Amino acid sequence: MQVGIGLPSGNPGTSNQLIFDWARRADVGPFTSLGVIDRLVYDSYEPLSTLAAVAAVTQRVKLATTIVIGPLHNNALLAKMSATLDALSEGRLVLGLAVGARKQDYEVAGIDYRTRGRRLTEQLSALRSLWEDGAIGPKTVSPRGPDLLIGGLSDQGYARMARYADGYVHGGGPPRAFARGADKARAAWRDAGRPGKPQIWAQGYFALGDEATLEAGYQYMRNYYAFTGPFAERIAAGLLTSPQSIAQFMRGYEEAGCDELVLFPSVPDIAQLERLADVLAGVGRRTR
Amino acid sequence: MKIAILGGGPAGLYSGLLIKKANPAHDITILERNAADVTYGWGVVFSDRTLASFQRADYKSYEQITNQFVIWDTIDVYYRGETISCRGHVIAGISRKSLLHILQKRCQELGISLRFSCEINDLAQLEAFDLLIAADGVNSIVRKTYAEQFGPTIEPGKAKYIWLGANKVLDAFTFIFRENEHGLFQVHAYPFSGTSSTFLVECDEASWLRAGLDKVDEAGSLAYCQKLLEDNLDGARLLSNNSKWINFPTLKTKTWHYRNRVLLGDAVHTAHFSIGSGTKLAMEDAIALSGALEQYSDLDSALNAYELERKPVVEVFQRAAAESQAYFETIKRYLGLDPMPFAFQLLTRSGRITYDDLRFRDVRFGEAVDRWHAEKADVLPAGELSPDTRQSVIFAPPPMFAPLTLRSLTLLNRIALSYRVEAFSPPSEEHPDRVLKDEASEIYKRARSDVGLILVGPIAVSEQGRMTPHDAGMYKEHQADAWKGIVRSVHNGSPAMIAVELNHAGRRGSTRPRAEGLDRPLREHNWPLLSASALPYTPLSQVPKEMNRADMEQVCNDFVRSASWAHRANVDILQLNMAHGYLLASFLSPLTNQRCDAYGGDLQSRLRFPLEVFDAVRAAWPENKPLSVALNTADCVNGGFTIDDAVIVARTLRAHGCDIIAVQVGQTTIESEPAYGRGFLTPFSERIRNEAGIPTIVGGYLTTSNEINTILAAGRADLCIVDSPDI
């Protein structure tokens, strides 16, 4: 399993400078990827343009969207933007797509929420063809375009993943929940007769530091997930707040067959990245 | 706080005593509509895990409860006059009356005011209280008053049941299955005091009506059950306590609290009695509620925390209960099983207990299961003995290592590996119709992993029937020769037998390799497609031609020719693909077959062409060799082919000489949504095997020996395809 780190681009108040510092520092290692999340109606950065900026200050790490809310985008434009990002980053883009969980984002974007599943299905089938046909540039590093991951927990989500994508992004939770999701993804993949295995990505949130830092982390989690109602509290309780809990979390995910785990900061402070790097070094994870 | 608790059952009393104990300053009143000594029902059961939580919550009542316990660890399954026993399931029972008595006394000790014979019809009477805890049962007046806020749904079960007692001493949790002229009756019986037991009698509505139980009173029902269970009661009397036949109501509630009113126990959720968790869940609710009230100073946070803690736990139990309930409601389909697999199936019905668990709990039972498989599993579900009925053995390997005989072929064991040829063929200019060299070594490697069967496919029956340009085929002489070589190396180098699946891709043909995604048409050199109807598979797919009679003859001849070449290549088992939306399957599904001729319409007509192909192949394939069909057992789309249809098709195929069904689902259209996950095909396999009486092969992402042994021992399939992550 490889371990990546999320950019603080989904944390309110993050400065442009912090994004650049964070990306440059992550590029040194031990992280293998930089992740971004997507949310329209929130004080957060847009994921694809953020990664474009980050591409300029990094050389090594994969740039992963976990995830972009696909149905909010026009298919051809999304194909063009991701091809551009792929070209700018020399093939480091991993494009994760899902329908997202918030109706409000659709309302503000003027997209019918009820059509989200169908739109994503069409989008997946369109993206590959648009990249491969080459009518829309720029040329991607791999002729088939960037790796495509799908998120989501519905039966349809897994079938869609196996049909069109290269892998699956799990949304978060304890290792046991991840294992169930990963099993579903592998079962769908095998059933579809796809060769090899799906790439399996996952994510978690962390906060490392004194009590005030942890409290800020919990605050962010409750705030970010307030749209889930009473579940925000339970999601917040899953925040990883000690080297021990991070180590066990990584072990659990690795044993359940995770290929890449992206840990997102709940506090937008470069010290968080340093502390996570120390934890990784402490459990013997180095740059690969 | 001034707290009113409505309902003096276990949930109400236990929550009262725990809240009062944590904070004696609370002023608590429990209101019960019955008198103190009137209670309904007989015994209740708890598992050891529940007892540990009682011990932490209130040691004093825990000690008194456990003093009164009857504890046992055996489950007996009485079926077809035989009793199968399995030990190691620690269960404790207590009479409901004793439990209530202990809790009442404890409440009084702590200074809780208990008011009996106090019926509340208007909640306005309780407005002076700061908190209203509604533990007033499944007919909760509080929940009904605020139905809009709580959002309850009640679904009545399909079966009828009655809760009786008996002055009989039992030494095990006892399942009794009895058939008489009216139908099948099952009994869940367990001890709860030194002298008496609970007897829950259940049957389906039709049997209940045939027995005339809708027309008799309490005494009449009692007399009927007494006679029914005469042999099991050994002279003991059944007892009634205002007992009535009802359909078990499953209650689910969206929200568990509203303002200062909170629901507890049966007032907020019920779970079918067959998993014996009603009182357990109610008392655990009480523990969680008192804990939350202690932890949070404001009521809203406390009630929120209570709901958040309990709701997911209860939902897990309700799912297990629903499965168990469905199992008992449809138990008739397992009546073809011998007592051993019948009992094993019963014990593992929830999916939470496996072969390894049972073996760990009771080695003797585990060994009896293994022995049964070694001696008898090679008997077809239809009941015929295979040619060589095995000698009795002392110790036997696990069920997965029992051999399987189909016609004159015996497989070494019940483990199969499937190998998809295209998956390992990169596109190549030099090999326009490759099967071969690379695949040969891959197949050989798999065959050498000590499996009983290696299943290779899909193999195209014609050039037009390929999915991708790189598919393996069996439509040219040199291909047949190549297969002969592969089969020879498998036979010479391993004990495995080899099955080959023949397929015509139909409207899923002419696509790119699956590494690039599913059903993506070729960029160039597409070939014309055939299907039952002229409907494209995806919006981007080519529109296939609706097959005419000549096309059908051609396709049928292609299958027959491939079958005879497969025989010449010494293939052991031939499998025809009628699954996943390929050509033959496109006839079966009403979603993809919209023909108006004799080959479309009702199920028999839709089955006509696939059956013609089957018959022609059966005639060409040697009598002594098994013929298998990969059958879609459900489309997993609204309006599609269902498992009920598949049972009929499987029965027909069996009558036409099919030896085994390889169970598949979905992929009929791109809207198909199977509920993927570990063992997702098993429920379909179980129904085909037990209702159509034909052996089955099942896959569906099985990766452990425990999953495979559990499936085989419960009679859910005969052969399992393993998806080892390392292969």
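The values are calculated or read from the model by the stated rules, or taken from the named source; none is laboratory data. All of these numbers come straight from a predicted model, not from anything done at the bench. No Cβ is skipped: glycine too gets one built from the backbone with ideal geometry, and neighbour counts run over all protein chains shown.
Here is how the numbers come out for the structure above:
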quantity	calculated
Subset tally (residues that are of a type in the set (A, V, I, L, M) and more than 32 Å from the chain's Cα centre (by Cα)) for the stretch B:616-636	4
Residue that is farthest from residue A:13 (Cα to Cα) [pool: residues in the stretch A:224-234 that are surrounded by 15 or more Cβ atoms within 10 Å (Cβ to Cβ) and more than 11 Å from chain B (Cβ to nearest Cβ)]	A:227
Residue that is among the aromatic types (Phe, Trp, Tyr) and either in contact with a Leu (Cβ under 8 Å, 6 or more places away or on another chain) or on the phi > 0 side of the Ramachandran plot (or both), where the choices are B:328, B:273	B:273
Residue match in the stretch B:526-548 (condition: in contact (Cβ under 8 Å) with a residue 24 or more places away in the chain and on the phi > 0 side of the Ramachandran plot)	no
Unmet requirement for residue B:307, which otherwise passes all of (1) more than 14 Å from every other protein chain (Cβ to nearest Cβ); (2) more than 15 Å from the chain's Cα centre (by Cα)	(1)
Members of the stretch B:655-691 that are among the hydrophobic types (A, V, I, L, M, F, W, C) and either part of a strand (DSSP E or B) or at pLDDT 95 or above (or both)	B:655, B:658, B:660, B:661, B:662, B:663, B:665, B:680, B:681, B:684, B:688
Residue count for the stretch B:151-208, restricted to those that are acidic (Asp, Glu) and closer than 16 Å to residue B:71 by Cα	1
Hits in the stretch B:1-50 - residues which are part of a loop (DSSP other than H, G, I, E, B), farther than 15 Å from residue B:140 by Cα, over 34 Å from the mean Cα position of the chain (by Cα) and not charged (D, E, K, R)	B:1, B:23, B:24, B:25, B:26, B:35, B:36, B:38, B:39
Members of the stretch B:522-531 that are away from chain A (no Cβ under 14 Å) and either among the small types (Gly, Ala, Ser) or surrounded by fewer than 17 Cβ atoms within 10 Å (Cβ to Cβ) (or both)	B:525, B:526, B:527, B:528, B:531
Residues satisfying the stated conditions in the stretch A:195-224, i.e. of a type in the set (A, V, I, L, M) and out of contact with any strand residue (DSSP E or B) (no Cβ under 8 Å at 6 or more places or on another chain)	A:208, A:212, A:214, A:216
Tally of residues being more than 30 Å from the chain's Cα centre (by Cα), of a type outside the set (S, T, N, Q) and surrounded by 13 or more Cβ atoms within 10 Å (Cβ to Cβ) across the stretch B:238-268	7
Residues located in the stretch B:212-253, provided they are assigned to a strand (DSSP E or B), farther than 17 Å from residue B:160 by Cβ and at pLDDT below 95	B:239
Test: residue in the stretch B:209-224 that is under 17 Å from residue B:168 (Cα atoms) and either among the aliphatic types (A, V, I, L, M) or touching a Lys or Arg at 6+ places or on another chain (Cβ under 6 Å) (or both)	yes
Subset of the stretch B:400-453 that is within 14 Å of another protein chain (Cβ to nearest Cβ) and modelled with pLDDT under 65 - its residue that is farthest from residue A:194 (Cα to Cα)	B:427
Among (1) touching a Ser or Thr at 6+ places or on another chain (Cβ under 9 Å); (2) outside any strand (DSSP E or B) - the single one residue A:262 does not satisfy	(2)
Failed criterion for residue A:227 (all others in (1) in contact with a strand residue (DSSP E or B) (Cβ under 6 Å, 6 or more places away or on another chain); (2) assigned to a helix (DSSP H, G or I); (3) farther than 10 Å from residue A:208 by Cβ hold)	(1)
Extreme residue, surrounded by the fewest Cβ atoms within 10 Å (Cβ to Cβ), among residues of the stretch B:549-571 that are part of a loop (DSSP other than H, G, I, E, B) and on the phi < 0 side of the Ramachandran plot	B:569
Qualifying residue in the stretch B:657-672 (condition: without any contact (Cβ under 8 Å) to a residue 24 or more places away in the chain, away from chain A (no Cβ under 14 Å) and among the charged types (D, E, K, R))	no
Answer from B:608, B:618 - the residue that is in contact with a strand residue (DSSP E or B) (Cβ under 7 Å, 6 or more places away or on another chain), surrounded by fewer than 23 Cβ atoms within 10 Å (Cβ to Cβ) and either part of a helix (DSSP H, G or I) or modelled with pLDDT under 95 (or both)	B:618
Helices (runs of 4 or more DSSP H) within the stretch A:100-192 that include 2 or more residues at the interface with chain B (Cβ under 10 Å from one of its Cβ atoms)	A:116-133, A:155-164, A:175-191
Test: residue in the stretch B:480-488 that is within 14 Å of chain A (Cβ to nearest Cβ) and farther than 18 Å from residue A:191 by Cα	no
Qualifying residue in the stretch B:128-140 (condition: under 18 Å from residue B:286 (Cβ atoms), touching a helix residue (DSSP H, G or I) at 6+ places or on another chain (Cβ under 9 Å) and among the β-branched types (Val, Ile, Thr))	yes
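Yes/no matrix, rows are residues, columns are (1) more than 14 Å from every other protein chain (Cβ to nearest Cβ); (2) aromatic (Phe, Trp, Tyr); (3) closer than 25 Å to residue B:595 by Cα:
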{"position": "B:503", "(1), (2), (3)": "no, no, yes"}
{"position": "B:520", "(1), (2), (3)": "no, no, no"}
{"position": "B:533", "(1), (2), (3)": "yes, no, yes"}
{"position": "B:551", "(1), (2), (3)": "yes, no, yes"}
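Residues are listed down the side, and each one gets a yes or a no for (1) under 18 Å from residue B:635 (Cβ atoms); (2) within 14 Å of another protein chain (Cβ to nearest Cβ); (3) charged (D, E, K, R):
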{"position": "B:687", "(1), (2), (3)": "yes, no, yes"}
{"position": "B:694", "(1), (2), (3)": "no, no, no"}
{"position": "B:697", "(1), (2), (3)": "no, no, no"}
{"position": "B:701", "(1), (2), (3)": "no, yes, no"}
{"position": "B:705", "(1), (2), (3)": "no, no, no"}
{"position": "B:708", "(1), (2), (3)": "no, no, no"}
{"position": "B:713", "(1), (2), (3)": "no, no, no"}
